[in-house]
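Before any comments, here is the structure.
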Amino acid sequence: MARFSGATWKPIAINHKKGGQDSVQGVVVHIMAGTLPGTDSWFRNPKAQASSHFGTGKDGRLWQWVDTADRAWAQAGGNRTWLSIENEGEGGDALTSAQMDRCAEVLAWAHKTHGVPLQVASSPSGRGLGYHAMGGKAWGSHPLCPGSRIIAQLPEIVKRAKALIGEKPKPSGYEPFPGAAWFKKNPRSPVVTAMGKRLVAVGCSAYQSGPGPQWTDADKASYAKWQRKNGYRGIDADGWPGKATWDALKVPRTS
Ligand SMILES: [Zn+2]
């Protein structure tokens, strides 16, 4: 039995297969083409022959209709090995930020409970956060579910799920701008050395001291000259690189 405590439990007695979830490759995102309460009553109608594990409302409500040990009927051939989340809205809508948060919570929970990797899936053989249309004919031919605007939001949902489980985004390969005040306190830092190397590489050829843990008055004068020549005057002409120059330099990480 697997129910997400972050969702309101709204069990349905029909339209799913007890114990039918063979495995969990990921979570499939859908658009309801309707409202959350409307979808809820449809799933209780024997004519529907349809259901999903989860559903979101535009206002941020999250409901769970089917236990993830059981098979919901949301994407035909993909039901056996994928969980499903329906989202309130019409075809062509984007998800609200609250809906993205709820989808991220379901994905993070599926990661912890079923080992779903926190990544976007784009085919039935993949794993992670997928979408209905990717299944093609085998998944019932729904090319417009959930629509291109929502498909474009999937990376953001994955990012939010990673934040929920405390996985930090990988730092870039470059030193972030340390700030003008920092330079004055740390003129001998390895970061300053790395910056000096980059300045030489981009043509600040008069860089007096060469790469090294120092930033002398001669270096500053040379740098100020280079700044003026390259149109940075007024941005950071105090003798130290400002943020604009720093970002342009792309100083490699020193740690
Ligand atoms: Zn769908």
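Nothing in this text is a laboratory measurement; each read-out follows from the coordinates by a stated rule. In this text the structure is predicted, and so the values were computed from the model without any measurement. Please note: Cβ atoms are built from the backbone with ideal geometry, for glycine as well, and neighbour counts cover all protein chains shown.
Among L199, M1, G147, whose Cα lies farthest out toward the positive end of the dipole of the chain, if unit charges sit on the beta carbon of Lys, Arg (+1) and Asp, Glu (-1)? Farthest towards the positive end: L199. Cα centroid separation, the stretch 42-114 to the stretch 143-206: 34 Å. The charge dipole of the chain, taken about the Cα centre with unit charges on the Cβ atoms of Lys, Arg (+1) and Asp, Glu (-1), comes to about 680 debye, rounded to the nearest 20. Using a cut-off of 12 Å between alpha-carbon atoms, which aspartates and glutamates can reach K225, once sequence neighbours fewer than 8 places away in the same chain are excluded? Within reach: D236, D238. If the segment from R80 to A2 were pulled out straight at 0.36 nm per residue, it would be longer than the present Cα-Cα gap by 26.5 nm.
Structural descriptor for the chain: relative contact order 16 percent, calculated from alpha carbon pairs under 8 angstrom and at least 6 residues apart.
Fully extending the segment from K229 to K47 would add 58.1 nm, taking 0.36 nm per residue of separation and subtracting the current Cα-Cα distance. About its Cα centre, the stretch 138-191 has a charge dipole of approximately 300 debye under the convention of +1 per Lys or Arg Cβ and -1 per Asp or Glu Cβ, with nothing else charged.
Under the simplified labelling scheme, the A244-S148 pair shows an inter-label distance of 3.6 nm, with each label point 7 Å from Cα along Cα→Cβ. Here the label points at T254 and A218, each 7 Å from Cα along the C-beta direction, are separated by 2.1 nm in the simple model. Suppose R0 equals 22 Å. What FRET efficiency, 1/(1 + (r/R0)^6) with r the Cβ-Cβ distance, do K137 and I12 give to the nearest 0.05? Result of the calculation: an efficiency of 0.25. Against the chain, whose longest principal axis comes from its Cα atoms, helix 154-164 is set at around 80 degrees. How much of the DSSP bridge set in the chain is antiparallel, in percent, rounded to the nearest 5? If I count the DSSP bridges inside the chain, around 35 percent turn out antiparallel.
With neighbours defined as other Cβ atoms within 10 Å of a residue's Cβ, the residues W42, W139 order from fewest to most as W42, W139. Listed peptides 79-90, 45-56, 157-168 appear in the order 79-90, 45-56, 157-168 once ranked by packing, highest mean of other Cβ atoms within 10 Å at the front.
The C-alpha atoms of the chain define a longest principal axis, and helix 97-114 lies at about 80 degrees to it.
Ordering L95, L199 by the number of other Cβ atoms within 10 Å of each residue's own Cβ, fewest first, gives L199, L95. Per residue of the chain, the DSSP helices (runs of n ≥ 4 H) give a summed -39500 (n - 2.57) that works out to -9000 deg cm²/dmol at 222 nm.
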